[in-house]
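The values are calculated or read from the model by the stated rules, or taken from the named source; none is laboratory data. Everything numeric in this text was worked out from a predicted model, so none of it was measured. Here Cβ is always computed from backbone atoms with ideal geometry, including for glycine, and neighbour counts include all displayed protein chains. We work out accessible area using only protein heavy atoms, side chains counted, and drop any ligands, DNA or RNA first. Shrake-Rupley method; radii C 1.70, N 1.55, O 1.52, S 1.80 Å.
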Amino acid sequence: MNLAGKQLLLGLTGSIACYKSAELTRLLTQAGVTVQVTMTEAATQFITPATMQALSGNPVYIRLCDTRIDSNMLHIDLSRRVDAIVIAPASADFIAKLAHGLCNDLLSTLVIARDCPLLVVPAMNSQMWQNSVTQRNIAQLHADGIMVLGPDTGLQACGEIGNGRMIEPETVYEEIIALFQPKKLAGQRVLITAGSTFEPIDPVRGITNRSSGKMGFALARAAAQAGARVHLISGLVTLFKTPWGTSRENVQTAQQMYDAVMESVYDTDIFISVAAVADWRAVQVSEHKIKKTAGQLPPPMYFIENPDILASVAALPAPPYCVGFAAESSELRMNGEAKRRRKNVPLLIGNLGPKTFGKDGNEVVLFDADGSTPLPRADKQSLARTLVDEIARRVLGSSTPLSSSGL
Ligand code: CTP
């Protein structure tokens, strides 16, 4: 599910981190979300209502009594029309109000009048955060079923280093996406390999392939947003950011990836093997850089086969549900099903790989015991969500199957 069409109320309270909410508003509106900004008087000292109005495209409300509203029941009107309320940044004072049910301004009043989820994103000096009063208030928010996101540790506006910084707007945005995703993989432990392996030849050279890791990372993020506990084993990738909500382990060679997978697999319900694993590695890795010598032929290279990670997991006595990927350069239908059978996995996702390497879009075909099902072309993140749905349906059983059609 994407965020387009959702209505969010974004509440700003008095903190220097208000500037981060400007960026958050931009991310949300770009995703098609209607953002209704409400500010406390203190927040207006840090960012102007005009800025927030321009970014959200909606009037900004500050006071409980606002003559722009016919009924003058702004706190009820605003809290009723939204799918969720996000308080970012949430100051220590506002958190204290929330914990005790005080409602003496528009934002604190509409929050009490809500009938939708509430997310609170704290931002304050680290001593204020650590203060037992604040911690007691936060514990109260948890007990009241309010989601508290962050804070982060790092350099603070006051120059001190500590815990209390508001988490980055991109992270808040990810949490909002996650909030709206159906939790189809709740309680499931998912292990994903992504990226390419690198097989060294000498200290400066090696063999790799063109996989970017984008599909594996998108799947890890989508699975986490669907409620799974996700562990990502990553080879070489062109992305640096660990997907939201996942734990990550970096490896280089196929053998290292095999060892890492085998260590985690017994704690896994679903294994999704997206990595482009090198089939072979050099028999001998030279300790020193191989030099060229004038007049001599290039040195011969000898390879041995790497372990097949996916096939090895599928052959375990009690394997997790295994999902393979296959990037073929031709004959997708024939090669995809043959590969699924050879690896003995219930589901294989095939594409014409070289066309999509490094790109944001992808077009895939699902191969399972019932036949092949092409999925419409989509960006990798939307596709990842569809694939998570498809995997969840096969593992746990649920409605809305995609119709199976031959290619
Ligand atoms: N795979 C793996 N370990 C390997 C090779 C492949 O786990 N040593 C997994 C990939 O992660 C992918 C699936 O197997 O999920 C298919 O990968 P692919 O490279 O297409 O398969 P190969 O068996 O190497 O077949 P090909 O001869 O077409 O390269």
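List of remarks:
- Single condition residue 78 does not satisfy, out of (1) touching a Leu at 6+ places or on another chain (Cβ under 7 Å); (2) under 15 Å from residue 172 (Cβ atoms); (3) not β-branched (Val, Ile, Thr): (2)
- Among the residues listed as 115, 77, the single one being in the same structural domain as residue 150 (by TED's automatic domain parsing), within 25 Å of residue 179 (Cα to Cα), part of a helix (DSSP H, G or I) and free of Cβ contacts under 8 Å to residues at least 40 places away in the same chain: 77
- Hits in segment 151-170 (condition: surrounded by fewer than 18 Cβ atoms within 10 Å (Cβ to Cβ) and closer than 27 Å to residue 238 by Cα): 152, 153, 154, 168, 170
- Residue within segment 182-194 that is in contact with a strand residue (DSSP E or B) (Cβ under 8 Å, 6 or more places away or on another chain), open to solvent by 40 Å² or more (accessible area, probe 1.4 Å) and within 16 Å of the ligand (Cβ to nearest atom) present: no
- Checked against (1) hydrophobic (A, V, I, L, M, F, W, C); (2) without any contact (Cβ under 8 Å) to a residue 12 or more places away in the chain; (3) within 16 Å of the ligand (Cβ to nearest atom), residue 207 meets all criteria but (2).
- Only one of 301, 334, 262 that is away from the ligand (no atom under 11 Å from the Cβ), assigned to a helix (DSSP H, G or I) and either open to solvent by 50 Å² or more (accessible area, probe 1.4 Å) or not assigned by TED's automatic domain parsing to the domain that holds residue 203 (or both): 334
- Residue in segment 60-83 that is open to solvent by less than 30 Å² (accessible area, probe 1.4 Å) and among the basic types (Lys, Arg) present: no
- Condition check for residue 22: of a type in the set (A, V, I, L, M, F, W, C), open to solvent by 10 Å² or more (accessible area, probe 1.4 Å) and in a loop (DSSP other than H, G, I, E, B): no
- The single residue among 57, 32, 101 that is touching a Ser or Thr at 6+ places or on another chain (Cβ under 8 Å) and assigned by TED's automatic domain parsing to the domain that holds residue 115 turns out to be 57.
- Condition met for residue 323 (within 13 Å of the ligand (Cβ to nearest atom), hydrophobic (A, V, I, L, M, F, W, C), without any contact (Cβ under 8 Å) to a residue 60 or more places away in the chain and in the same structural domain as residue 253 (by TED's automatic domain parsing)): no
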